[in-house]
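This report concerns only the one structure given below.
The values are calculated or read from the model by the stated rules, or taken from the named source; none is laboratory data. Model, not experiment: these values are computed from the prediction. Quick reminder, even Gly has a Cβ in these numbers, built from the backbone with ideal geometry, and neighbours come from all protein chains shown. Note: accessible area is taken over every heavy atom of the protein model, side chains too, but ligands, DNA and RNA are not part of it. Shrake-Rupley method; radii C 1.70, N 1.55, O 1.52, S 1.80 Å.
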Amino acid sequence: MALLNVNIDHVATIRQARQADEPDPVWAAVQCELAGANGITVHLRKDRRHINDRDVRLLKETVACKFNLEMGMDAEIVKIAEKIRPDQITLVPENRAELTTEGGLDCVGQLKQLTEVVKRMHQKGILVSTFILPDEQHILASAEAGCDAVELHTGSYANAATDAQIEKHLNELRDARDAALTAGLVVHAGHGLTYRNIRPVACIEKLCEFNIGHSIVARAVLVGMQQAVQEMNNLIREPF
Ligand code: PXP
């Protein structure tokens, strides 16, 4: 059965809109967990645009399910991850002006740095996943670096406008899943997934973990976090 990690960055984004102390992502994480989320994901960005160091520290103390820290490979952030020891890190590319994570990590071009980060994380007992485009080269490089998992970028699927494009991107995800499994990697997926487009992706066998943020937090604003998480979990667990 596929698992749902809720990305709660946007809760912190609302807090930062007023540089206030609410809504607290730590409270949101509790609600997600009570509603059946299997994991909590946050992205500690170098610019601390939403999630900050205090959030990561408190989430490490309070999250009882899987705590997945999204991060770039910047030296400062790598040191924080070593100190905090989340259950898992997901390595992402990070650009200053982006609205959200754009594209996948260049595991081929950054193989040396990636291998070093994986080694350091494994020394602390932290699992490592890379957020990549569904492309065999980056899958093989992730395996070569010693990663435990890859998170396949579902953004192109989510943005596809026609049935033919949707099918093309689903096939790419299936092929990437096969390549990752053959390389001995666990396969996650995420980005741009919504209540409307999750079903076909959730039907892909052996995609075992989904990271979903925007659509869940957006729905939570209107129906409450627990209901929003339950509704997404129902779709992931019974997508047929
Ligand atoms: N996975 C990764 C690696 C991401 O960077 C993000 C966005 O923070 C997500 C999943 C979640 O994407 P969305 O907010 O579109 O659900």
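Residues in region 121-162 that are touching a helix residue (DSSP H, G or I) at 6+ places or on another chain (Cβ under 6 Å), open to solvent by less than 40 Å² (accessible area, probe 1.4 Å) and assigned to a helix (DSSP H, G or I): I139, A141, A145, Y157. Restricting attention to region 212-226, the residues that are outside any helix (DSSP H, G or I), within 11 Å of the ligand (Cβ to nearest atom) and open to solvent by 10 Å² or more (accessible area, probe 1.4 Å) add up to 1.
Being touching a Leu at 6+ places or on another chain (Cβ under 7 Å), assigned to a loop (DSSP other than H, G, I, E, B) and touching a residue at least 12 places away in the same chain (Cβ under 8 Å) is a property that does not hold for I80. Which of the residues belonging to region 7-56 are farther than 27 Å from N234 by Cβ and among the acidic types (D, E)? Of everything in region 7-56, those that are farther than 27 Å from N234 by Cβ and among the acidic types (D, E) turn out to be D21, E22, D47, D53, D55.
Within region 103-112, identify whether any single residue is within 24 Å of T154 (Cα to Cα), modelled with pLDDT of 95 or more and part of a helix (DSSP H, G or I), and answer yes or no. Among the residues of region 103-112, at least one is within 24 Å of T154 (Cα to Cα), modelled with pLDDT of 95 or more and part of a helix (DSSP H, G or I), which makes the answer yes. All told, I51 meets the bar of being crowded, with 21+ Cβ neighbours inside 10 Å and either among the β-branched types (V, I, T) or modelled with pLDDT under 95 (or both). The set of residues in region 120-173 being more than 12 Å from L91 (Cα to Cα) and acidic (D, E) consists of D135, E136, E144, D163, E167, E172.
Of all residues in region 1-55, those satisfying the criterion of being more than 24 Å from T194 (Cβ to Cβ), more than 12 Å from the ligand (Cβ to nearest atom) and assigned to a loop (DSSP other than H, G, I, E, B) are R18, Q19, A20, D21, E22, D24, K46, D47, R48, N52. Residues in region 1-19 that are β-branched (V, I, T) and open to solvent by less than 80 Å² (accessible area, probe 1.4 Å): V6, I8, V11, T13. Screening R196 on (1) surrounded by fewer than 17 Cβ atoms within 10 Å (Cβ to Cβ); (2) within 16 Å of the ligand (Cβ to nearest atom); (3) touching a residue at least 12 places away in the same chain (Cβ under 8 Å) shows it passes everything except condition (3).
Conditions (1) among the basic types (K, R); (2) within 19 Å of the chain's Cα centre (by Cα); (3) assigned to a helix (DSSP H, G or I), marked per residue:
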{"site": "I166", "(1), (2), (3)": "no, no, yes"}
{"site": "G184", "(1), (2), (3)": "no, no, no"}
{"site": "V187", "(1), (2), (3)": "no, yes, no"}
{"site": "T194", "(1), (2), (3)": "no, yes, no"}
{"site": "Q230", "(1), (2), (3)": "no, yes, yes"}
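Here L181 meets the list (1) surrounded by 17 or more Cβ atoms within 10 Å (Cβ to Cβ); (2) touching a strand residue (DSSP E or B) at 6+ places or on another chain (Cβ under 7 Å); (3) not aromatic (F, W, Y) almost entirely, failing just condition (1). If you go through region 74-115 and pick out every residue that is polar (S, T, N, Q) and either open to solvent by less than 10 Å² (accessible area, probe 1.4 Å) or within 15 Å of the ligand (Cβ to nearest atom) (or both), you end up with 5.
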